[in-house]
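Data block below; observations after.
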Amino acid sequence: MSTPVQQSTPAGPNPKTGTGLHVIRLVLGLVGAGIAAYGLLGLPSQLGVAQLVGLLFWLACAVLLHDGLLVPLTSLVGAALNRFTFGLGSSSAAVLRSALMTGAVLTLLTLTLVWAQSVARNTSVLEADYAAHLAWLWLALAIGAAAVIYLLERRTGRRFRRQKTRP
Amino acid sequence: MNRLTDALAAKFASPVRSTRLTVVLGRWLGICFTVCFATGLFSHGLQNPPSWMLFPTRPVGIYQLTQGLHITSGIASIPLLLAKLWSVYPELLKWPPVRSVIHALERGSIALLVASSLVQVVTGLINTYKWYPWPFPFRETHYWLSWVVWGSLLLHIAAKLPLIAGHWRRARRPREAEVTTAAQVRTTAASAGPGGRQPPAVTGRWSRRGFLAAVGVTTGAVVLGTAGQSFAWLSPANFFAPRKMGTGPQGVPVNRTAADAKVGPLAQNPGWKLNISYRGQSRSYTLGELGALPQAEHELPIACVEGWSQTARWRGVRIRDLVQAMGAAPESDLLVTSLEPEGAYRFMSMPAVYTADEQTLVALELNGGVLELDHGYPARIIAPGRPGVLQTKWLQSLEIL
């Protein structure tokens, strides 16, 4: 398979890249850089050295955790799903992955909630049983996805399925 | 090294990824970030007003709406940001990492955008849980980072504008193949990749549209599961937000309890009086005297910076009546002091527009009962359209400026 690596910089002249677009880019870029610089210069006006170092640590950790852990992990899951297709069609695959994606993001959210609950309990905040809600959500996702996939696959029919080959 | 990164990129390759996908996700995320930035600036302006600040008091739920949008669009941007970053992940593995000074600057600005966006949405979310597991002050950092995020976003849009413009609309495949310049061939071949076209229907794989649908479903689910803390009509689906409408004493959630504020004995002192001063003269009202004055009752929301809100029935004395009784104009700025011995919100400035508003109350009752201690007994401020932290509880004095 060829690598669908994207072009990071615009490639040369384009019919749509007129002088007008160049001016817009320049103005947008300068305004953007100015606004970002305003924010960057504002930080040390209200944060002490130790706090700035702490912020830098969080910024670095955010990128490392995301790029070094989260994306490789989800890519592994995606690769596994590509391998074990169970002969499902592409619509069914989308339904299955939608359910998994929804469940995964809400699990991430709930883990944070439960963690916060254990350290920062307060009157009328974080009162619900989020773990139970999450369990119900996964159950609903499983039932919902199974039902939709069943209907999709039945509609596709046997004839079409026999034509398809595994990658 | 080149071969290694190419091999890595191939490992992470997916026919779903394409510039068109990134553009579509980028549009959704850009809208969320912009809504978040605008509503955040409004909230900041209400709390740290510049001299030209406008203070809208109608509709009375305006802050409930803007801050609800702030938190909801922030939560929606979490799955969108993850999907957007996933769609460009192979970019990270490109070799050489830096081709020129301009390229280095561009990658640096992207690193800044990615890092600040991730920290902004994660700390923003965790702040709504009233949990602060980081070594920097949340409010100030969130404020300044928002400029960094939005500024570097504009810079990023400027850098990618030709790509964005080129993929703004879905490619019309037959014509695109006909009219191609050499440059376009390079762009479409390299950037659109196999995903730019309709990917062949492979068993068990999904298409770009399938992926977009999944991201849409996920974002919808996250919003549906949490937005009920801010919007009453979504309250039945609120399973994953830190607050639930209708909970807490008298059916209203509490952010800062009397115990947190260490205000219990002072507030429950039977000798409590509200002191009002104007030009060196002052006057004190006991709770009984306040209760004997003409009372007004209004349905007003209490809306917190953390996004939750709750509409309730408040009853008490119009603040403009108290100000006029001192011989001052109702359009006066006030300095309101709480009994709280310390804390950032012990003092509150009230701009004249709120003082003059007939719905701004020194509230003594909530939902038909005497204010509970956690809601600010014996008396608190409730004004239309202001952040919850400025609805000062456990009143001590009002100074007419």
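The values are calculated or read from the model by the stated rules, or taken from the named source; none is laboratory data. Since the model is a prediction, treat every value here as computed from it, not as a measurement. Here Cβ is always computed from backbone atoms with ideal geometry, including for glycine, and neighbour counts include all displayed protein chains.
Could we say that residue B:241 is more than 28 Å from residue B:324 (Cβ to Cβ), of a type in the set (Gly, Ala, Ser) and under 23 Å from the mean Cα position of the chain (by Cα) here? Criteria met by residue B:241.
State which residue is modelled with the lowest pLDDT when the search covers only segment B:13-39 and only residues that are in contact with a Pro (Cβ under 9 Å, 6 or more places away or on another chain) and either farther than 14 Å from residue B:83 by Cα or of a type in the set (Lys, Arg) (or both). Residue satisfying both the conditions and the ranking: B:13.
Might you check whether a residue that is within 26 Å of residue B:164 (Cβ to Cβ), free of Cβ contacts under 8 Å to residues at least 40 places away in the same chain and either more than 14 Å from chain A (Cβ to nearest Cβ) or assigned to a helix (DSSP H, G or I) (or both) occurs anywhere in segment B:17-30? Explain how you work it out, then say what you get.
The initial filter retains those residues of segment B:17-30 that are within 26 Å of residue B:164 (Cβ to Cβ), namely B:17-30.
Next cut, free of Cβ contacts under 8 Å to residues at least 40 places away in the same chain only: B:27.
Of the ones still in play, those that are also either more than 14 Å from chain A (Cβ to nearest Cβ) or assigned to a helix (DSSP H, G or I) (or both) are B:27.
Taking every residue of segment B:17-30 in turn, at least one turns out to be within 26 Å of residue B:164 (Cβ to Cβ), free of Cβ contacts under 8 Å to residues at least 40 places away in the same chain and either more than 14 Å from chain A (Cβ to nearest Cβ) or assigned to a helix (DSSP H, G or I) (or both).
Restricting to segment B:280-299, what's the tally of residues that are outside any strand (DSSP E or B), over 13 Å from residue B:315 (Cα atoms) and free of Cβ contacts under 8 Å to residues at least 12 places away in the same chain? Qualifying residue count, segment B:280-299: 3. Within segment A:52-75, residues that are facing chain B (nearest Cβ under 8 Å) and in contact (Cβ under 8 Å) with a residue 12 or more places away in the chain have Cβ atoms under 7 Å from residues that are surrounded by 13 or more Cβ atoms within 10 Å (Cβ to Cβ) and β-branched (Val, Ile, Thr) in these pairs: A:55/B:141, counting only partners at least 6 apart in sequence or on another chain. When the criteria are applied in full, residue B:217 fails the requirement of being touching a Phe, Trp or Tyr at 6+ places or on another chain (Cβ under 9 Å), modelled with pLDDT of 90 or more and buried (at least 17 other Cβ atoms within 10 Å of the Cβ). Filtered by the rule that a residue be touching a Gly at 6+ places or on another chain (Cβ under 6 Å) and either outside any helix (DSSP H, G or I) or more than 7 Å from chain A (Cβ to nearest Cβ) (or both), segment B:122-145 gives B:124, B:128, B:135, B:136.
The residue that is nearest to residue B:161 (Cα to Cα), among those in segment A:19-55 that are surrounded by 16 or more Cβ atoms within 10 Å (Cβ to Cβ) and not aliphatic (A, V, I, L, M), is A:25.
Evaluation of residue B:171 against the conditions (1) in a helix (DSSP H, G or I); (2) more than 19 Å from the chain's Cα centre (by Cα) shows that the sole unmet condition is (1).
The test for being surrounded by fewer than 18 Cβ atoms within 10 Å (Cβ to Cβ), modelled with pLDDT under 95 and charged (D, E, K, R) holds for residue B:176.
What tally of residues in segment B:128-142 results from selecting those that are buried (at least 20 other Cβ atoms within 10 Å of the Cβ) and in contact (Cβ under 8 Å) with a residue 40 or more places away in the chain? Give the derivation first.
Start the filter on segment B:128-142 by keeping residues that are buried (at least 20 other Cβ atoms within 10 Å of the Cβ), which leaves B:128-129, B:131, B:136, B:141.
Narrowing the set further to residues that are in contact (Cβ under 8 Å) with a residue 40 or more places away in the chain leaves B:128-129.
Total meeting the criteria: 2.
Does segment A:92-110 hold any residues that are within 7 Å of chain B (Cβ to nearest Cβ) and more than 30 Å from residue B:243 (Cα to Cα), and which are they? Residues satisfying the conditions are A:93, A:94.
Residue B:111: buried (at least 21 other Cβ atoms within 10 Å of the Cβ) and farther than 26 Å from residue B:224 by Cα, yes or no?
Values: buried (at least 21 other Cβ atoms within 10 Å of the Cβ): no; farther than 26 Å from residue B:224 by Cα: yes.
In short, no.
Among the residues of segment B:363-373, which ones are in contact (Cβ under 8 Å) with a residue 40 or more places away in the chain and surrounded by fewer than 24 Cβ atoms within 10 Å (Cβ to Cβ)? Passing the criteria: B:364, B:365, B:367, B:368, B:369, B:372, B:373. Please verify whether residue A:143 is touching a Leu at 6+ places or on another chain (Cβ under 7 Å), over 30 Å from residue B:304 (Cβ atoms) and at pLDDT 90 or above, treating the condition exactly as stated. No; evaluated as a whole, the condition is false for this residue.
Among the candidates B:354, B:377, B:345, the residue that is part of a loop (DSSP other than H, G, I, E, B), touching a residue at least 24 places away in the same chain (Cβ under 8 Å), within 29 Å of residue B:70 (Cα to Cα) and hydroxyl-bearing (Ser, Thr, Tyr) is uniquely B:345. Among the residues of segment B:43-54, are any surrounded by 18 or more Cβ atoms within 10 Å (Cβ to Cβ) and without any contact (Cβ under 8 Å) to a residue 60 or more places away in the chain? Scanning segment B:43-54, I find no residue that is surrounded by 18 or more Cβ atoms within 10 Å (Cβ to Cβ) and without any contact (Cβ under 8 Å) to a residue 60 or more places away in the chain, so the answer is no.
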